[in-house]
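Q: Okay, here's the structure, questions in a sec.
The values are calculated or read from the model by the stated rules, or taken from the named source; none is laboratory data. Please read all numbers here as calculations on a predicted model, not as lab measurements. So basically every Cβ, Gly included, is an ideal-geometry build from the backbone, and we count neighbours across all protein chains shown. Accessible surface is based on the protein model in full, side chains and every heavy atom, while ligands, DNA and RNA are left aside. Shrake-Rupley method; radii C 1.70, N 1.55, O 1.52, S 1.80 Å.
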Amino acid sequence: MSKPKILVVGGGAGGLPLVTQLGRKLGKRGRADITLVDTSNIHVWKPRYHEVATGAIDADLDAVDYRAHARLNHYRFEPGTLTHVDAAARTVTLAAMNGPDGEEVLPERQLDYDYLVLAIGSQSNDFGTPGVRQHCLFMDTRTQAERFRERFLNTCLHANYRNDPVSVAIVGGGATGVELAAEIHHAVAMLKLYGHEHLDRKQLRVTVVEALPRILPALSERVSAAATERLQALGVSVRTGVMVAEATEQALVTKDGEEIKADLMVWAAGVKGPDVFGQLEGFAVTRVNQIEVEPNLLAKGHDNVFIIGDSAFLKPEGAERPIPPRAQSAQQMAHHTARNLVRLLNSQELKPFEYKDHGSLVSLSNYSSVGMLMGNLKGGNFFVEGWLARIMYVALYRMHQAALYGWPRTIMLLTAGRFSRLVRPRLKLH
């Protein structure tokens, strides 16, 4: 009797912990064949893309190699980009892969499955705004974050030579935009230590543009106000209630006709599911390309296709809003789906998913962090800021590493990172 095939598409904050658990529980014991599909060969935690973008971390040192991780955790890795799902035939189609010179490395392929999990994540939504795709940089992938870093370093090099100011405009006052704004200030301060003697934070002009009345609109007003105060103390211009109507080569044009000129423009506003979801047949897809799911995270109308993470649209009974597209949501869904898949193989009933909001933390680089933790003591919530919030923010990433490697390896990685700082620059300079 052949083993059941579990196929997971997407190796992000949800997909990678999922195959890790499945590999340890099922793959190691020979109870199932588990395969992970991703467009990249390595995993970098998406909440850290703003640090990759400014060189605060070296993605090569911080990345998880899928093939190496698969070998240690008893699953297979298949590189590829999803183009089609045939639910009736229980197959997915992956696009052909080409090398840097255009030569075909892998042809178009089909993979069959008994159980499918779509965990592809999300991407920025430009809302069809003219010029955005042509003139703005994005932070949806590691490649895009590294493209920003290259452009940013070259802009700073040019500005240092000519003793000119550096201007960056960020559209979107969510966590990505706010964290990137603070990280840019830290990067410029570090560059001054590495030969950019004419570059100074006083010459740095960072503008965060948000269409809603306040930044961090998904979080509490107290967190939003604290983040605004700290950004402004750094010198960041926070523009709320401003809608961008167009992006040109050198400026953002607001709905009122104002031009916000900038050397670099970043679009970090809005979230939608991957474009391929809008082309799938037999799935209930929302207008922002999320797939509607049942309370047990099965796609509506399907008994063997799960959707987790940002790709899933689930509005719990009695809730005002759907489950938010956050890393903690994806991780909780991954743990729940791993248990449900084990239940399926044991012919047991699936259990509904219950999202527990543990709060959110926003990093303002080395300067500070702010956030709100959801407490269970007397039903209270706790506002945290400063060094305590910073420690908690870093701890979230260490917990993510522990889920992938276990605590002994995580501690070794942490120790190795401390030693590498003795010989490596405090900023990735290339």
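Q: Just to confirm the number: angle between the C-alpha axis of helix 221-234 and the first principal axis of the chain, 0 to 90 degrees, nearest 10?
A: Rounded to the nearest ten degrees, it is 40.
Q: Here is a follow-up. For the chain, find the longest principal axis of its Cα atoms and tell me its angle to the long axis of helix 327-345, 0 to 90°, nearest 10.
A: Long axis of 327-345 versus the principal axis of the chain: about 10 degrees.
Q: Same structure, new question: Antiparallel as a % of all DSSP beta bridges within the chain, to the nearest 5?
A: Numbers: 34 of 67 bridges.
DSSP beta bridges in the chain are roughly 50 percent antiparallel.
Q: A follow-up question, please. Only Cα pairs under 8 Å and at least 6 apart count here; give the relative contact order of region 12-71 as a rounded whole percent. Spell out each step's value before the answer.
A: Values: 37 pairs, mean separation 20.1, N = 60.
Here the relative contact order equals 33 percent.
Q: Let me ask you something else. Let a ≥ b ≥ c be the square roots of the eigenvalues of the Cα gyration tensor of region 162-249; is it rounded (a/c under 1.5), or, if not, prolate (a/b larger than b/c) or oblate? Write out the running numbers ahead of the final one.
A: On the way: a/c = 2.77, a/b = 1.60, b/c = 1.74.
Note, shape of region 162-249 comes out oblate.
Q: For the chain, just say rounded, prolate or oblate: build the C-alpha gyration tensor, square-root its eigenvalues into a ≥ b ≥ c, call rounded for a/c under 1.5, and beyond that prolate if a/b exceeds b/c, oblate if not. Kindly include the intermediate steps, with their values, before the conclusion.
A: Numbers: a/c = 1.57, a/b = 1.54, b/c = 1.02.
The shape class here is prolate.
Q: Checking the a/c ratio against 1.5 first, then a/b against b/c, what shape does the Cα gyration tensor give for region 33-164?
A: Note, shape of region 33-164 comes out prolate.
Q: Can you spot the lysines whose alpha carbon is less than 27 Å from LYS5's alpha carbon? Ignore those fewer than 8 places along the same chain.
A: Result set, ordered by chain and number: LYS25, LYS28, LYS300, LYS351.
Q: Determine the calculated [θ] at 222 nm for the chain from helices alone, applying -39500 (n - 2.57) to every DSSP H run no shorter than 4 residues and normalising by the residue count; nearest 500 deg cm²/dmol. All intermediate terms of the calculation are to be shown ahead of the outcome.
A: Values: 11 runs with 135 residues, N = 430.
Computed ellipticity for the chain at 222 nm equals -10000 deg cm²/dmol.
Q: Taking the mean number of other Cβ atoms within 10 Å as a proxy for protection, how do you rank 291-298, 90-97 from highest to lowest?
A: Values: 291-298: 18.9, 90-97: 16.9.
The packing order, highest mean first, is 291-298, 90-97.
Q: Ignoring ligands, DNA and RNA, what percent of the accessible area of the chain is carbon or sulfur (1.4 Å)? It would help to have the intermediate numbers written out before the result.
A: Working: 10710 of 21140 Å².
The computed percentage sits at 51.
Q: Let me ask something else about it. Given a cut-off of under 8 Å on Cα pairs at least six residues apart, what relative contact order in percent is computed for the chain? If you can, show how the numbers build up before the last one.
A: On the way: 827 pairs, mean separation 70.6, N = 430.
The value is 16 percent.
Q: How would ILE120, ILE170 line up by accessible area, probe 1.4 Å, largest first? List each step's numbers first, then the result.
A: Values: ILE120 60, ILE170 0 Å².
Descending order: ILE120, ILE170.
Q: Ok, one more. Rolling a 1.4 angstrom probe over the protein heavy atoms, how many square angstrom per residue are accessible across the chain?
A: On the way: 21140 Å² over 430 residues.
In whole numbers, the chain has 49 Å² accessible per residue.
Q: Say we join alpha carbon atoms closer than 10 Å with springs in a Gaussian network model of the chain; which of GLY282, GLY318, GLY273 then has the biggest fluctuation?
A: Evaluated over the chain, the most mobile residue of the options is GLY318.
Q: How far, in degrees from 0 to 90, does helix 175-191 lean away from the longest principal axis of the Cα atoms of the chain, to the nearest 10?
A: 50 degrees
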